[in-house]
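Asks: Got a structure for you, written out below as structure tokens; questions coming shortly.
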């Protein structure tokens, strides 16, 4: 089983004083896509005004533009600890016991606009690029969508990405299940601000509960046993609804 998380725009600074090793990232066969995006991103950041507009940066934009310029030589750290924010605070990887941390290292992936698929342990630098950023040339969606089949081949995937990151490389039919977090199962409205925290707590429960599933129905059963309120969605064979909690 593979659990896929969205990245966050906020990222922990620092890391190990070594450069990004492209070939060490999961699925090196998509390395050309990664390097192409990185090349365009670094080039874009040579023009601060253009980069600030294209990346949707605010008052602290210069800090992120500099980070992007130093992408190839900056310190690196595991992806799961590089990203910060509500989801990652709720997951709280550092407080998991050794067994749960090992399961996280083995089963948690992330999907980045820059790097595409990442394992929890893949070493990455600090950077700024979102799913809706505007790079020169091809859109990020056009660069990643054609690789969805090879990215999601193999393990059953529990997809917790946001809609924007999901659109970059959607799960092919039969590859797994997208989890839609809602306020309540009856109304089905989006969970709003509770969405990210719910996802973090859900992943923590899956890891501490040593959950391994290979189908939608088995996932529904496992989540119900863990105390989550879940349901199928009419007309959506590869999605489930999960009540915020």
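The values are calculated or read from the model by the stated rules, or taken from the named source; none is laboratory data. In this text, all values refer to a predicted model and were calculated from it rather than measured experimentally. Cβ coordinates were reconstructed from backbone atoms using ideal geometry, including for glycine residues, and neighbour counts include every protein chain displayed.
Asks: Applying the selection to segment 90-104, what residues are assigned to a helix (DSSP H, G or I) and touching a helix residue (DSSP H, G or I) at 6+ places or on another chain (Cβ under 8 Å)? Steps first, answer last, please.
Replies: Applying the first criterion (assigned to a helix (DSSP H, G or I)) to segment 90-104 yields 90-91, 93-95, 98-104.
Those that are assigned to a helix (DSSP H, G or I) and touching a helix residue (DSSP H, G or I) at 6+ places or on another chain (Cβ under 8 Å): 90, 91, 93, 94, 100, 101, 103, 104.
Asks: Another question about this same structure. Quick one: residue 70 ticks every box in (1) at pLDDT 95 or above; (2) touching a helix residue (DSSP H, G or I) at 6+ places or on another chain (Cβ under 8 Å) except a single one, so which number is it?
Replies: (2)
Asks: Here's a follow-up. Tell me, please, whether a residue that is touching a strand residue (DSSP E or B) at 6+ places or on another chain (Cβ under 6 Å) and buried (at least 16 other Cβ atoms within 10 Å of the Cβ) can be found in segment 58-74. Show your work before the answer.
Replies: Filtering segment 58-74 down to residues touching a strand residue (DSSP E or B) at 6+ places or on another chain (Cβ under 6 Å) leaves none.
There is no residue in segment 58-74 that is touching a strand residue (DSSP E or B) at 6+ places or on another chain (Cβ under 6 Å) and buried (at least 16 other Cβ atoms within 10 Å of the Cβ).
Asks: Quickly run through segment 214-231 and pick out the residues that are surrounded by 14 or more Cβ atoms within 10 Å (Cβ to Cβ) and in contact with a strand residue (DSSP E or B) (Cβ under 8 Å, 6 or more places away or on another chain).
Replies: Listed by number, the residues that qualify are 216, 219, 220, 223, 228, 229, 230, 231.
Asks: With 48, 138 as the choices, which residue is over 20 Å from the mean Cα position of the chain (by Cα), without any contact (Cβ under 8 Å) to a residue 24 or more places away in the chain and closer than 17 Å to residue 168 by Cα?
Replies: 138
Asks: Taking the criterion of being surrounded by fewer than 17 Cβ atoms within 10 Å (Cβ to Cβ), at pLDDT 95 or above and within 25 Å of residue 115 (Cβ to Cβ), would at least one residue in segment 133-141 satisfy it? Break it down stepwise before answering.
Replies: At the first step, the residues of segment 133-141 found to be surrounded by fewer than 17 Cβ atoms within 10 Å (Cβ to Cβ) are 134, 136-139, 141.
Of the ones still in play, those that are also at pLDDT 95 or above are 139, 141.
Going one step further and asking which of them are within 25 Å of residue 115 (Cβ to Cβ), we end up with 139, 141.
Taking every residue of segment 133-141 in turn, at least one turns out to be surrounded by fewer than 17 Cβ atoms within 10 Å (Cβ to Cβ), at pLDDT 95 or above and within 25 Å of residue 115 (Cβ to Cβ).
Asks: Please enumerate the residues belonging to segment 152-206 that are touching a helix residue (DSSP H, G or I) at 6+ places or on another chain (Cβ under 7 Å) and within 19 Å of residue 107 (Cβ to Cβ).
Replies: 158, 159, 160, 169, 177, 178, 199, 200, 201, 203, 204
Asks: Looking only at segment 162-210, which residues are in a loop (DSSP other than H, G, I, E, B), within 21 Å of residue 236 (Cβ to Cβ) and modelled with pLDDT of 90 or more?
Replies: 162, 169, 170, 171, 172, 173, 174, 175
Asks: Shifting gears a bit: For residues in segment 211-240 being assigned to a strand (DSSP E or B) and either at pLDDT 95 or above or in contact with a helix residue (DSSP H, G or I) (Cβ under 9 Å, 6 or more places away or on another chain) (or both), which is farthest from residue 94 (Cα to Cα)?
Replies: Here is the first cut: in segment 211-240, the ones assigned to a strand (DSSP E or B) are 230-233, 236-240.
Still in the list and also either at pLDDT 95 or above or in contact with a helix residue (DSSP H, G or I) (Cβ under 9 Å, 6 or more places away or on another chain) (or both): 230-232, 237-240.
Values: 230: 28, 231: 31, 232: 33, 237: 35, 238: 32, 239: 30, 240: 29 Å.
Filtering first and then ranking leaves 237.
Asks: Filter segment 1-30 down to residues that are in contact with a helix residue (DSSP H, G or I) (Cβ under 6 Å, 6 or more places away or on another chain) and within 13 Å of residue 122 (Cα to Cα), then give me how many there are.
Replies: Within segment 1-30, residues that are in contact with a helix residue (DSSP H, G or I) (Cβ under 6 Å, 6 or more places away or on another chain) and within 13 Å of residue 122 (Cα to Cα) number 1.
Asks: Search segment 24-43 for residues that are at pLDDT 95 or above and pair each with any residue that is surrounded by fewer than 19 Cβ atoms within 10 Å (Cβ to Cβ) and not in a helix (DSSP H, G or I) when their beta-carbon atoms are under 7 Å apart and the residues are at least 6 apart or on different chains.
Replies: What qualifies is 30/147; 33/147; 40/136; 40/137.
Asks: Still on this structure, I have one more. Going by the structure shown, is residue 19 at pLDDT below 95, touching a strand residue (DSSP E or B) at 6+ places or on another chain (Cβ under 9 Å) and either surrounded by fewer than 17 Cβ atoms within 10 Å (Cβ to Cβ) or in a helix (DSSP H, G or I) (or both)?
Replies: The answer is yes for residue 19.
Asks: Quick check on residue 131: is it within 26 Å of residue 241 (Cβ to Cβ), out of contact with any strand residue (DSSP E or B) (no Cβ under 8 Å at 6 or more places or on another chain) and in a loop (DSSP other than H, G, I, E, B)?
Replies: On the way: within 26 Å of residue 241 (Cβ to Cβ): yes; out of contact with any strand residue (DSSP E or B) (no Cβ under 8 Å at 6 or more places or on another chain): yes; in a loop (DSSP other than H, G, I, E, B): yes.
Here the answer is yes, as residue 131 does meet what is asked.
Asks: Taking only segment 55-89 into account, find how many residues are more than 21 Å from the chain's Cα centre (by Cα) and assigned to a helix (DSSP H, G or I).
Replies: Qualifying residue count, segment 55-89: 6.
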